[in-house]
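Novice: Dropping the structure in here first, questions after.
The values are calculated or read from the model by the stated rules, or taken from the named source; none is laboratory data. Only a predicted model underlies this, so the values are computations on that prediction, with no experimental measurement involved. Heads up, the Cβs are rebuilt from the backbone with ideal geometry, glycines too, and the neighbour counts pull from every protein chain shown. For accessibility, only protein heavy atoms count, side chains too; no ligands or nucleic acids. Shrake-Rupley method; radii C 1.70, N 1.55, O 1.52, S 1.80 Å.
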Amino acid sequence: MDAETPGQAAWRQVIGGRRVEAVSGAHIEVVCPSDGKVFATIPASRAEDVDLAVRAARKSFDEGPWRAMPAVERGRLLTRLGQLVERDAEELAALESRDTGKPLRQGRADVAATMRYYEFYGGAADKLHGDTIPFLEGYTALTLREPHGVVAGVIPWNYPLQILARVAGAALAMGNVLVVKPAEDASLTTIRIAELALEAGFPEGVFNVVTGTGSEAGAALSGHPGVDYVTFTGSPGTGTAIQQAAALNNRGVTMELGGKSPQIVFADADLDKALPVLVNAIIQNAGQTCSAGSRVLIERPAYDAVAEALAGRFAKLVAGPHDADPERDLGPLVSARQRARVAAMVDEAEASGIAMLARGAVDEHAPQGGFYAAPVLFGAVDPAARIAREEVFGPVLSLFSFEGEDEAVRLANGTDYGLVAGVWTRDGARQHRLAKRVRAGQVFVNSYGAGGGVELPFGGFGRSGHGREKGFEALYDMSATKTVVFDH
Ligand code: TAP
């Protein structure tokens, strides 16, 4: 980054190992969600810049040293990148916190997970082997894992460091090269990681970042014929647009498209353990988490007690600036646009007669221009209501009641999504039954790991998307099987 005007910084994107402006020279202003003030700029790239980045990536894949590099060496580079993230941990946490509005403690947790992703995929790079397959007499058949080639990653604004790390870690481990388009609302740490990748020794053109809007840079990237595979995390609507663009080139995709994740609380649950987890699963990152536990389903005999206890906790929650001292329970939302979306859904639910059991507060000292949203708890929500079916992506929790396992499963599976679920019960047999019957990519029993678990395969059913990220499983998505047959 280069200092331009006092208090502001002009960041450049990274293409072909060089830090460059957009061809047009245009910029996008970067706003801090805590006060609504501009503190930096990023290049406003368009199709021409995307084309340069894809060409640089292609050249690097076809002609550079990357292709021939032994997997163990690729792994060492990823491990080294993780070490550089560790070296710059405080700087990265502060930058992520300022750019997204998340409290510094969350920024630090994101950096810790980011280090772990690069470490995990650094170690995994040489661990996925092919097979030898018994075949006809006189032949030897074997499989090789091949990279796709140029992987395009379109990254959202809620966890830029972590989502970039899970995409980049798996893609680079398998020998792909990358072109990443971060969200215009939160691009800075993605640029910084690409700079660190150069410092770590990744060959030029392996790790490219193009900044700009989704409708220009994002659309140009996902439909670029030079891209071999597209991975996207974000809203279902944008995911559909990206899949259509990739389909025109017959390219494969991984889609992580959010959720409406249920936490099922049976009357025999350990409530002392469950209650803080239920609250945290919806206020973490101000509810802007794909795996946020946004629906709590409570067995009828326990409903009143759980609702009352949650209302007591929600009434005490306070949203404040990312750098508040002491830290607040949650930060602002990422943008004025996101705050308006959340407010519209809360207003609609209230207007339809859904009972608001509690509302938290916004720090009275929070700067005027920030994008704050007080946490909200709705009770006895109709499962057909919009707030019960659609992702709010804000600190808004809905409570439902159920009678018996069948109704619990019906409610849990009653949205178009299927990303994560929590099951709270002391009954061991029921834990197993529910884990099987709930349609979700991850099920947590007596815990809820919203977003956590670098090692744990992650992805959804239905509207939550397809393909799997994280853990060893992501390596399969980021590579393709080649079968080779020898006649001897
Ligand atoms: P999206 O539109 O899905 O944005 C995610 C990423 O896609 C950003 O980098 C965005 O760029 C880019 N993008 C937008 N339109 C594109 C297009 N036509 N082609 C290619 N890329 C494109 O999300 P949003 O509008 O920021 O948020 C809306 C809602 O999406 C939220 O309320 C939330 O429900 C959901 N969401 C879910 C997730 C996860 S983790 N599942 C993450 C973010 C948002 P720009 O932002 O630069 O335009």
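Novice: If you take the square roots of the eigenvalues of the alpha-carbon gyration tensor of the range 357-417 and sort them as a ≥ b ≥ c, do you get rounded (a/c under 1.5), prolate (a/b over b/c) or oblate?
Specialist: Numbers: a/c = 4.06, a/b = 2.42, b/c = 1.68.
It is prolate, given that a/c is not under 1.5 and a/b is the larger ratio.
Novice: Let me ask something else about it. Give the dimensionless ratio obtained when the Cα radius of gyration of the range 131-279 is divided by 2.2 N^0.38 Å. Display every interim value, and only then the final one.
Specialist: On the way: Rg = 19.8 Å, N = 149, 2.2 N^0.38 = 14.7 Å.
Compared with the compact-globule rule of thumb, the range 131-279 sits at 1.35.
Novice: Would you compute the Debye intensity of the range 319-391 from its alpha-carbon atoms alone, equal scatterers and no solvent, and pass along log10 I(q)/I(0) at q = 0.19, 0.22, 0.24 Å⁻¹ to two decimals?
Specialist: Taking Cα atoms of the range 319-391 as identical point scatterers yields -0.82, -0.99, -1.09.
Novice: With θ taken as phi - 60° and the coefficients 6.51, -1.76 and 1.60, list the Karplus ³J(HN,Hα) couplings across the range 98-104 in order, rounded to whole Hz; mark glycine and proline as x.
Specialist: For the range 98-104, the Karplus-derived couplings read 5, 6, 9, x, 6, x, 4 Hz, x marking Gly and Pro.
Novice: If Lys and Arg each add +1 and Asp and Glu each add -1, what is the summed charge of the other residues whose beta carbon sits under 14 Å from the beta carbon of Ala141?
Specialist: On the way: positive: Lys482; negative: Asp131, Glu137, Asp487.
It works out to a net charge of -2.
Novice: Still on this structure, please answer the following. For Lys436, give me every one of the lysines with a C-alpha distance below 29 angstrom, ignoring sequence neighbours fewer than eight places off in its own chain.
Specialist: In chain and number order, the partners are Lys260, Lys273, Lys470.
Novice: Still on this model: Restricting things to alpha carbons, tell me how big the range 15-85 is in terms of Rg and Dmax, in Å.
Specialist: 16.9, 48
Novice: Along the range 227-243, what does the Karplus equation 6.51 cos²θ - 1.76 cosθ + 1.60 (θ = phi - 60°) give for ³J(HN,Hα), rounded to whole Hz, x for Gly and Pro?
Specialist: 8, 9, 7, 10, 10, 9, 10, x, 7, x, x, 5, x, 5, 4, 5, 5
Novice: Here's another thing I want to ask about it. Taking a probe of 1.4 angstrom, what is the accessible area of His432 in Å², to the nearest 10?
Specialist: Near enough 140 Å² of accessible area.
Novice: Would you compute the Debye intensity of the range 245-384 from its alpha-carbon atoms alone, equal scatterers and no solvent, and pass along log10 I(q)/I(0) at q = 0.16, 0.19, 0.20 Å⁻¹ to two decimals?
Specialist: -0.91, -1.18, -1.28
Novice: A further question follows. With bins 5 Å wide starting at 0, give me the P(r) of the range 87-188 over every alpha carbon pair, in whole percents.
Specialist: Each 5 Å bin holds this share of Cα pairs: 2, 13, 18, 17, 15, 11, 8, 5, 4, 3, 3, 2, 1.
Novice: Still on this model: Let me check something: with ligands and nucleic acids excluded, how do Glu73, Glu90 order by accessible area (1.4 Å probe), largest to smallest? Display every interim value, and only then the final one.
Specialist: Values: Glu73 70, Glu90 100 Å².
In descending accessible area the options line up as Glu90, Glu73.
Novice: Starting from the eigenvalues of the Cα gyration tensor, five times each then square-rooted, give me the equivalent ellipsoid semi-axes of the range 436-488, largest first, whole Å. Present the calculation step by step, with values, prior to reporting the outcome.
Specialist: Values: eigenvalues 195, 33, 22 Å².
So the three semi-axes of the range 436-488 are 31, 13, 10 Å.
Novice: Which of rounded, prolate, oblate describes the chain, given a ≥ b ≥ c as roots of the alpha-carbon gyration tensor eigenvalues and a/c under 1.5 marking rounded, otherwise prolate only if a/b is larger than b/c? Walk me through the intermediate numbers first.
Specialist: On the way: a/c = 2.03, a/b = 1.29, b/c = 1.58.
Oblate is the answer for the chain, as a/c is 1.5 or above yet b/c matches or exceeds a/b.
Novice: Note the full-extension length gain between His488 and Arg87 as 0.36 nm times their separation in residues minus their Cα-Cα distance, in nm to one decimal.
Specialist: 139.0 nm
Novice: Taking the highest mean first, how do the peptides 436-442, 156-162, 58-64 order by number of other beta carbon atoms within 10 angstrom per residue? Please report the intermediate quantities before stating the final value.
Specialist: Working: 436-442: 19.0, 156-162: 25.1, 58-64: 17.1.
The densest-packed peptide leads the list: 156-162, 436-442, 58-64.
Novice: Starting from the exponent 0.38 and prefactor 2.2 Å, build the expected Rg for the range 1-123 from its residue count and divide its actual Cα Rg by it. Walk me through the intermediate numbers first.
Specialist: On the way: Rg = 17.1 Å, N = 123, 2.2 N^0.38 = 13.7 Å.
Rounded to two decimals, the normalised Rg is 1.25.
Novice: Let me ask something else about it. Counting only DSSP beta bridges with both residues in the range 112-269, tell me the antiparallel percent, nearest 5.
Specialist: On the way: 2 of 19 bridges.
Here the share of antiparallel DSSP bridges comes out near 10 percent.
Novice: Taking H as built 1.01 Å from N, whose amide H comes closer than 5 Å to the amide H of Leu333, not counting residues under 5 places away?
Specialist: Under 5 Å from the amide H of Leu333 lie the amide H atoms of Phe371, Tyr372, Ala373, each far enough along the sequence or on another chain.
Novice: Return the sequence-ordered ³J(HN,Hα) values of the range 37-45 in whole Hz as given by the Karplus equation 6.51 cos²θ - 1.76 cosθ + 1.60 applied to θ = phi - 60°, using x for Gly and Pro.
Specialist: Working through the residues one at a time gives 9, 6, 10, 6, 9, 10, x, 9, 7 Hz.
Novice: OK, next. In a Debye calculation with equal point scatterers on the alpha-carbon sites of the range 255-330 and no solvent, what is log10 I(q)/I(0) at q = 0.17, 0.18 Å⁻¹?
Specialist: Taken in order of the listed q values, log10 I(q)/I(0) reads -0.72, -0.79.
Novice: Further question on the same structure: Quote the accessible area belonging to Cys290 in square angstrom, nearest 10, computed with a 1.4 Å probe and with ligands, DNA and RNA left uncounted.
Specialist: For Cys290, solvent-accessible area is about 20 Å².
Novice: If you don't mind, another one. Roughly speaking, what is the stretch gain from Arg426 to Phe39, that is 0.36 nm per residue apart minus the C-alpha to C-alpha distance, in nm to one decimal? Before the final figure, lay out each step's value.
Specialist: Values: separation 387, 0.36 × 387 = 139.32 nm, distance 5.01 nm.
Contour length minus the Cα-Cα distance gives 134.3 nm.
Novice: I would also like to ask the following. Evaluate the distance, in nm, between pseudo-label points positioned 7 Å from the Cα of Ala267 and of Arg105 along their respective Cα→Cβ axes.
Specialist: 3.5
Novice: What FRET efficiency do you get for Glu199 and Leu144 if R0 is 25 Å and r is their Cβ-Cβ distance, rounded to the nearest 0.05? Provide the component values of the computation, followed by the final result.
Specialist: On the way: r = 31 Å, r/R0 = 1.26.
E(calc), rounded to 0.05, equals 0.20.
Novice: Here's a follow-up. Over the chain, what relative contact order in percent results from Cα pairs under 8 Å that are six or more residues apart?
Specialist: Values: 1174 pairs, mean separation 88.0, N = 488.
Normalised by residue count, the contact order of the chain is 18 percent.
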